[in-house]
1. I want to confirm something. Restricting to the stretch 365-382 and keeping residues that are in contact with a strand residue (DSSP E or B) (Cβ under 8 Å, 6 or more places away or on another chain) and among the hydrophobic types (A, V, I, L, M, F, W, C), which single residue is farthest from THR249 (Cα to Cα)?
2. Among the residues that make up the stretch 232-250, is at least one of them closer than 30 Å to SER452 by Cα and small (Gly, Ala, Ser)?
3. For the stretch 349-364, which positions are in a strand (DSSP E or B) and at pLDDT 95 or above?
4. Kindly provide the set of residues from the stretch 28-52 that are more than 10 Å from the ligand (Cβ to nearest atom), of a type outside the set (A, V, I, L, M) and within 18 Å of VAL112 (Cβ to Cβ), ordered by number.
5. Of a type in the set (S, T, N, Q) and either in the same structural domain as VAL189 (by TED's automatic domain parsing) or not in a loop (DSSP other than H, G, I, E, B) (or both): does that describe ASN346?
6. Name the single residue that is surrounded by the fewest Cβ atoms within 10 Å (Cβ to Cβ) among those in the stretch 67-98 being in contact with a Pro (Cβ under 8 Å, 6 or more places away or on another chain) and more than 23 Å from HIS57 (Cβ to Cβ).
7. Quick check on my filter: what residues within the stretch 172-217 are of a type outside the set (D, E, K, R), more than 30 Å from ASP377 (Cβ to Cβ) and buried (at least 18 other Cβ atoms within 10 Å of the Cβ)?
8. Select from the stretch 293-333 the residues that are of a type in the set (D, E, K, R) and closer than 26 Å to LEU263 by Cβ and write down the one among them that is surrounded by the fewest Cβ atoms within 10 Å (Cβ to Cβ).
Amino acid sequence: MRVKAKVILSGVLGLLLLTQACDNPNRLPDNVTYTEHIAPLMYKNCTGCHREGGGAHFNLVTYADAKKYGAASAFVMRERMMPPWPADPHYTEFVGQKVMSERDIRLVEKWVQDGMKEGPADKMPKLPDYPKGSLIGTPDLRIPVQPYLLPANSIDKFLLVKIPFELPADTYASVVEFMPGNGGVVHHVNGDMVKYDFDKKKTVYVGENIADMIEDSTIKIAFEKLGLPNDDGTYPTLQKSVVNYLPGTYGQRYPEGLGGYKLPRKGAFLLNDLHYGFTKDKAVWDSSYINIFFSKLPPNRPVQEFQLGTIGVSPVLPDLILQPNTVKNVYSKYTIPEDISVLTINPHMHLIGKSFKAYALKPDGDTIRLISIPKWDFNWQYFYTFKKLVKIPKGSTIVAEGVYDNTKNNMNNPFSPPRLVKDQNGSMRATDEMFQFIITYVPYKEGDENISLE
Ligand code: HEC
């Protein structure tokens, strides 16, 4: 009910504003120019990534840039490929969503059709200040990731990377932020934290720091190469999803009292994985690093997580065996045993994925929408953060549905002609498949629905 009221209210407000502003808001200016119309729109929607060190491989900062990529830009905006935001904003909204208005897209199209005029220099906006070193503040501790030389003409690399640390005492952190050294090649990061019992590991600085997910064929071999086990061969605890990165995303800072981590005296961040895109002509170095923001308070409501699907709490049904030249629907569902407040969700599939949808069915029959991704995009797998905590009551069934397209119509199909592709027990190779829906949450408390995460 509340949602509806809000929509109506904002509709009325919108109308009021429009009638005040001009007679027809959808009318485009006769003379669309770069400095007056296009630069402001690109600085708002594109240069977060399309600038030096921003993560994309070309810039959209100057008139010359914009002109060079004008037609391509109009195309990718119209197709809603850029800015990348695969989730359907009409189904659910999230923090930081990147969705352009229809009018802005038409502006760019008109600009291109009319010959991409530059416009008056005094209308040119200033490029936003993009912070260096951290996107969220001044970190208390910075730990370098071992520099990596990405060979020329390489294929995409999926690495397991260990970033060990030893601290003088147990410490609390509010956020752990990954900063790419070379934004042009670092594609994405999912990272966990390894926590050692102090006397079970003499030193964390043993073993290699980097393993190759493909060459070091199994996780077990890779973990041993990285020297992760305790001295007696047993395994330390792993805290999942402590640090994640995708171009254009920020380390998530939650309101006071929510989230945060206890950092052990001996530990390591385990990037699991760090995905590098390929480079063409020359080998390039990457020296990324991790920023830690300490917190005085212990995490009194630590964020927890579970996942549906592959190696999760509920199986993929029917199994994830994708015969060549077929389209297959799968699902996974799980009934939650307690009231939870959801913070973020992360749908995960690989290259054969076509679409994804998730929702919760409440015991009273109502549906809570979680996410719909009509066109799956392997490259943009965000941890989507809800604007406010979403309560899902005990006894609700969370349902995740996926469609896989293992035909030649799927442009991302890694095999031509298509081959049998399946779930290999959670293998993260992009050419094997996975179906996962990861949920981060805290146990529900009265009033959580009003906590904003923006
Ligand atoms: C969140 C980061 C991000 C934002 C925001 C973003 N881009 Fe991109 N863009 C990329 C990356 C990275 C690529 C490289 C292709 C890939 O990995 O998907 C790319 C590729 C492109 C391409 C080339 C497509 C191709 O087929 O090679 C165009 C054109 C483009 N972007 C235009 C834009 C425009 C215009 C905007 C703003 C309306 C924008 N992008 C916003 C990250 C971004």
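1. First pass over the stretch 365-382, keeping only residues in contact with a strand residue (DSSP E or B) (Cβ under 8 Å, 6 or more places away or on another chain): 367-376, 378-379, 381-382.
After this cut, where a residue has to be among the hydrophobic types (A, V, I, L, M, F, W, C) as well, the list is 368, 370-371, 373, 376, 378.
On the way: ILE368: 25, LEU370: 20, ILE371: 18, ILE373: 18, TRP376: 18, PHE378: 16 Å.
Of everything passing the filter in the stretch 365-382, ILE368 is farthest from THR249 (Cα to Cα).
2. yes
3. GLY353, LYS354, SER355, PHE356, LYS357, ALA358, TYR359, ALA360, LEU361
4. Listed by number, the residues that qualify are PRO29, ASP30, ASN31, THR33, TYR34, THR35, GLU36, HIS37, PRO40.
5. yes
6. Among them, the one singled out is GLN97.
7. Hits for the stretch 172-217 are ALA173, SER174, VAL194, TYR196, VAL204, ASN209.
8. Result: LYS296.
The values are calculated or read from the model by the stated rules, or taken from the named source; none is laboratory data. What you see is a predicted model, and the numbers here were worked out from it, not measured in a lab. All Cβ positions, even for glycine, are placed from backbone atoms using ideal geometry, and neighbour counts span all protein chains on display.
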